[in-house]
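Colleague: Structure in C-alpha cells, see below.
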Amino acid sequence: MNVKKLIYFPLIVGILAFLIQIADQLISPMVRPTPNAGFGWIAFQAWAVYFLAGCNIKGGIKALIGYIIGIVASMVIMKLGGWFAPLHFFAFPLGVGLVAFSLIFLEKTTWLSLIPAMFIGAGAFFAFMSYVPGATFTNATVTEMIYCVLGLIFGVATITLKTAVEKRL
C-alpha cells in the first residue's frame, strides 16, 4: 500500500482535531459562564455523532435536532426531579425513566429518530449543568449548541476532505 494512502486520513483527522482545539480556545472566553475551562469536549462528541449519523447532511441535521431534543429532555428531567423531590432517592431516576421512555417513541419518525444524539445531547447538558459553576439553562443551551454546530461542521469537513484527497490519490 502506498504510504500516502495510508497516512492521509489520520493526518486530516489530526489536523482537524488540532484546529477544533484552537477554535475552542478562541470561543470559550466568549461564552458564559466565564471563566470556564472550554467546551471542546462537546464539539468532539458532536463530531463523532456526525459519523454515527451516516456522514451526510441529512444525518447531520438529524444530529442537530437530536441535540436540541436532548437539551429540552434534560430540562424536563430536571424539572421533574424537582417535582418528584418528595420521593427523595427516586426523584431523578423517575424523571429520567419517564423521559427516556417518551423519547424512544421518536425512533419511528424520520427526522427525530437519532436517539443516540438525543442521549449525548442530554448527557452534555447534564454535565454542563452539574460541573460548570454558574451554569444556567440559557448559557448551557447556547454554549452546547455553539459547540454542537462546530463539531458537526468538523464532521462535514472530515468527509469533504477525505473524499477530495481520495479522488486525487
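Colleague: Can you tell me the dipole magnitude for the chain around its Cα centre, using point charges on the Cβ only (Lys, Arg +1; Asp, Glu -1), in Debye to the nearest 20?
Modeller: In total the dipole reaches around 500 debye.
Colleague: I've got another one for you. Step through the residues of the stretch 101-113 one at a time and calculate ³J(HN,Hα) from phi using the Karplus curve (6.51 cos²θ - 1.76 cosθ + 1.60, θ = phi - 60°), rounding each to whole Hz and writing x for Gly and Pro.
Modeller: 4, 5, 5, 4, 5, 5, 4, 8, 9, 7, 8, 10, 8
Colleague: With just the Cα atoms defining each centre, how far is the stretch 107-165 from the stretch 1-77? Give it in Å.
Modeller: 7 Å
Colleague: Cross-chain or 8 or more residues apart, Cα under 27 Å: how many lysine pairs in the chain fit that? Count them up, please.
Modeller: Lysine pair count for the chain: 11.
Colleague: Taking Cα atoms, how many degrees apart are the long axis of helix 57-83 and the longest axis of the chain, rounded to 10 and kept between 0 and 90?
Modeller: Helix 57-83 sits at roughly 20 degrees to that axis.
Colleague: Could I ask something else about it? If you add up the charges near L150, with Lys and Arg at +1 and Asp and Glu at -1, over every other residue whose beta carbon is less than 15 angstrom from its beta carbon, what do you get?
Modeller: -2
Colleague: If you don't mind, another one. So how do 18-28, 108-118, 41-51 stack up, highest first, on mean other-Cβ count within 10 Å?
Modeller: 41-51, 108-118, 18-28
Colleague: Angle between the Cα long axis of helix 3-27 and the longest principal axis of the chain, 0 to 90 degrees, nearest 10?
Modeller: 40 degrees
Colleague: What nm value, rounded to one decimal, do you get for the distance between V31 and E107 when each label is placed 7 Å out toward the C-beta?
Modeller: About 3.0 nm separates the two model spin labels.
Colleague: What is the packing order of peptides 145-158, 64-77, taking the mean over residues of other C-beta atoms within 10 Å and listing the highest first?
Modeller: Result, highest mean Cβ count within 10 Å first: 64-77, 145-158.
Colleague: Let me ask something else about it. With a/c under 1.5 counting as rounded, go ahead and sort the stretch 26-169 into rounded, prolate or oblate using the C-alpha gyration tensor (a ≥ b ≥ c being the square roots of the eigenvalues; past the cut-off, prolate if a/b is larger than b/c, else oblate).
Modeller: oblate
Colleague: Quick one: helix 137-168 against the long Cα principal axis of the chain, what's the angle to the nearest 10°, folded into 0 to 90?
Modeller: The angle comes out at about 20 degrees.
Quick note: the coordinates plus some simple rules give every number you see, no bench work behind them. From a predicted model like this one, the values you see are computed outputs, not experimental measurements. Backbone-built Cβ (ideal geometry, glycine too); neighbour counts: all protein chains shown.
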